[in-house]
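Student: My questions will all concern the structure given below.
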Amino acid sequence: MERINVNRRTLLRLVGGGAGAAAMVGVPAASGVLAQEGSPAAADSGNLIIGKAQEAVGLDPALVTAASSFQILAPVYEQLVGFNAENQPQPELAESWETPDDKTFVFRLREGVTFHNGNPLTAADVKHSFERILDPATNSPWLSQFEPIASIEAPDDRTVRINLKQPYGPLLATMSSDYAAVVPQNAGDLQATMVGTGPFMLIEYTRDTRTVMGANPRYWEAGLPGLAQVTYQILPDEAARVAAIRTGEIGLTSLADPAAVSLASREEGIQVVTQETTDYYLLGINCQRPPFDNVKVRQALSLAVDRQALLDAVFFGEGSVAGPIVPTLGTWATPVEQLPLYTPDLDRAKTLLAEAGLGSGFEMSILASPFYPEFINIALVLQSQLQEVGITVTLDQVEWGTFIDRWKNRDFATFVSYNGSGNDPDRALYPVFHTGGSVNAFQFSDPEVDRLLEEGRSTIDAAQRQEIYRQAEAKIAEAAPGLFLFTRTAYFALQDTVQGFEPSPVDTWETLKRTRMA
């Protein structure tokens, strides 16, 4: 038995180019997918069976935001760039790039890369991949991250030229994100098949049962992947996954319940990896629905909640209290003790409610799904804490598909879920809190926040960007469009025979290509 902790300093070295995947929203998956023809290629070692808690909620990387989707998409698709252990951009599908000026990026594609359908990677595929996100008809939730792009050119098969409307500081971070996966032209319905350039290719899919991927025999990176096959076995019940890891029926699984983590940690032959992530739990608020359209009501909620006590109650203190920018993003984040409305103050909360005409309290509902049991636990503790200032909370528990539909349709007063922050504050804030942002479910709008977020993404200098985001973070915390609660700690239980698995802070599972079975 071994338990390994990945601390914040190590995390900041490990942060890669993944987008961060929100658990709360996705696109309904197709009823089945089409596997690539062929069989798994030979590799150095065998089949890793992963106990997967949730089925994917959609398969098209340009459309999904669910962590359960990116978990299986990450080994299939690749991006132009990645990030190294020092969080610096590195070549991936692009072997190099240059910036002739602040509004132009020219990428040179790697030779010898082929898609799983046998077609060679070309600049036209990259152009197609990004233009479909930019196309309003695609309805991509990641459109906000591509809006600074004016045009994309493919002057030859190996050259991609991106022309920007204005300087865009986080462009490379955007190009490294899972949703920026390069897909082939004429691939068909990417909600019904997966066709990438990655180390693994789809072999079999049985919805709500298992997904089987085989090693890509034409993978461009020599000596990889280290596994012949990866099988995702759907096991929604966490106790069943713990039992399966103990008996060796599966080699790897994620855990959420601290009690399950403790049980797995005591087993011989199993190691538990604990990793801080850039995800955060939150109470999302519909800022257009009364009484939450009154900022004083939202501020009262923030003052009534004791975030550290909530973290201690639900996760035994595993994680960190978070502001709009999570502390796992390092110096980008403002220390929470410096943020407005973060120190619990029940008297002031009651005063604000009285000023909003709710001195006798009010009733509110929290939308949550037991599909993620921790969401219900968080909602129950919030229910207890808010009662202290006269707010009566009812839990609106729905199945996961209903939750997603209501989230997409903004059919809620408040909800409990978690968000991903990616590897840049622009990704963490702009699509979520800018007016009309592509995943602004809060329907939040503030001209000063808009100005700061626009300035932050159009600034190149890192020090200047940091100061801009400190101002933006304080403004967002004060406006309280949601209650940012605490970071999500990820737990993974592994058989000792599983070697080389190093989870990323945004759970992209890209590390599977370097994983082997002893």
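Student: Return the pairs, sorted by first residue and then second, in which the second residue is at pLDDT 95 or above, the first residue lies in the stretch 355-370 and is among the hydroxyl-bearing types (Ser, Thr, Tyr), the beta carbons are less than 6 Å apart, and the residues are 6+ apart or on different chains.
Tutor: Within 6 Å, the pairs are Ser365/Thr394; Ser365/Asp396; Ser365/Ala413; Ser369/Val398.
Student: Another question about this same structure. Does Thr231 satisfy being under 24 Å from the mean Cα position of the chain (by Cα), part of a strand (DSSP E or B) and either more than 21 Å from Pro373 (Cα to Cα) or charged (D, E, K, R) (or both)?
Tutor: Yes, satisfied.
Student: Now for a separate question. Any residue that is buried (at least 24 other Cβ atoms within 10 Å of the Cβ), of a type outside the set (Ser, Thr, Tyr) and in contact with a strand residue (DSSP E or B) (Cβ under 6 Å, 6 or more places away or on another chain) - is there at least one of those in the stretch 174-186?
Tutor: yes
Student: Hey, Arg410 hits all of (1) out of contact with any strand residue (DSSP E or B) (no Cβ under 6 Å at 6 or more places or on another chain); (2) assigned to a strand (DSSP E or B); (3) farther than 24 Å from Asp178 by Cβ but one; which does it fall short on?
Tutor: Every listed condition holds for Arg410 apart from (2).
Student: Can you tell me which of Asp279, Asp293 is without any contact (Cβ under 8 Å) to a residue 12 or more places away in the chain and not hydroxyl-bearing (Ser, Thr, Tyr)?
Tutor: Asp293
Student: Is it the case, given these coordinates, that Glu267 is assigned to a strand (DSSP E or B) and either small (Gly, Ala, Ser) or in contact with a helix residue (DSSP H, G or I) (Cβ under 6 Å, 6 or more places away or on another chain) (or both)?
Tutor: No.
Student: Output yes when any residue across the stretch 304-321 is β-branched (Val, Ile, Thr) and modelled with pLDDT under 95, and no when none is.
Tutor: yes
Student: Mind telling me which of the residues Asp450, Asp405, Asp461 ends up being farther than 30 Å from Asp101 by Cβ and out of contact with any Pro (no Cβ under 6 Å at 6 or more places or on another chain)?
Tutor: Asp405
Student: Among all residue pairs at least 6 apart or on different chains, which show Cβ distances below 8 Å where the first residue, located in the stretch 473-496, is without any contact (Cβ under 8 Å) to a residue 40 or more places away in the chain and under 14 Å from Leu282 (Cα atoms) and the second is buried (at least 24 other Cβ atoms within 10 Å of the Cβ) and polar (S, T, N, Q)?
Tutor: Hits for this filter: zero, empty list.
Student: From Gly214, Gly284, Gly198, grab the single residue that is among the small types (Gly, Ala, Ser), modelled with pLDDT of 95 or more and not in a strand (DSSP E or B).
Tutor: Gly198
Student: What is the number of the single condition among (1) within 25 Å of Arg457 (Cα to Cα); (2) surrounded by fewer than 22 Cβ atoms within 10 Å (Cβ to Cβ) that Asn119 does not meet?
Tutor: The one condition Asn119 does not meet is (1).
Student: Another question about this same structure. Report whether or not Thr459 is farther than 30 Å from Leu386 by Cβ, touching a residue at least 24 places away in the same chain (Cβ under 8 Å), among the polar types (S, T, N, Q) and buried (at least 16 other Cβ atoms within 10 Å of the Cβ).
Tutor: Criteria met by Thr459.
Student: Examine the stretch 377-393 for a residue that is part of a loop (DSSP other than H, G, I, E, B), touching a Lys or Arg at 6+ places or on another chain (Cβ under 6 Å) and touching a residue at least 60 places away in the same chain (Cβ under 8 Å), and state whether such a residue exists.
Tutor: Yes, that holds for at least one residue.
Student: When you look at Thr402, is it out of contact with any Lys or Arg (no Cβ under 8 Å at 6 or more places or on another chain), surrounded by fewer than 17 Cβ atoms within 10 Å (Cβ to Cβ), more than 21 Å from Ser302 (Cα to Cα) and of a type in the set (Ser, Thr, Tyr), yes or no?
Tutor: yes
Student: Look at Phe70 and say whether it is aromatic (Phe, Trp, Tyr), assigned to a helix (DSSP H, G or I) and either touching a Gly at 6+ places or on another chain (Cβ under 8 Å) or crowded, with 20+ Cβ neighbours inside 10 Å (or both).
Tutor: So Phe70 fits the description; yes.
Student: Do you know which residues across the stretch 477-514 are under 30 Å from Leu339 (Cα atoms), out of contact with any strand residue (DSSP E or B) (no Cβ under 8 Å at 6 or more places or on another chain) and among the charged types (D, E, K, R)?
Tutor: Hit for the stretch 477-514 is Glu478, nothing else.
The values are calculated or read from the model by the stated rules, or taken from the named source; none is laboratory data. Quantities reported herein were computed from a predicted structural model and do not represent experimental measurements. Every residue, glycine among them, receives a Cβ derived from its backbone with ideal geometry; neighbour counts consider all protein chains shown.
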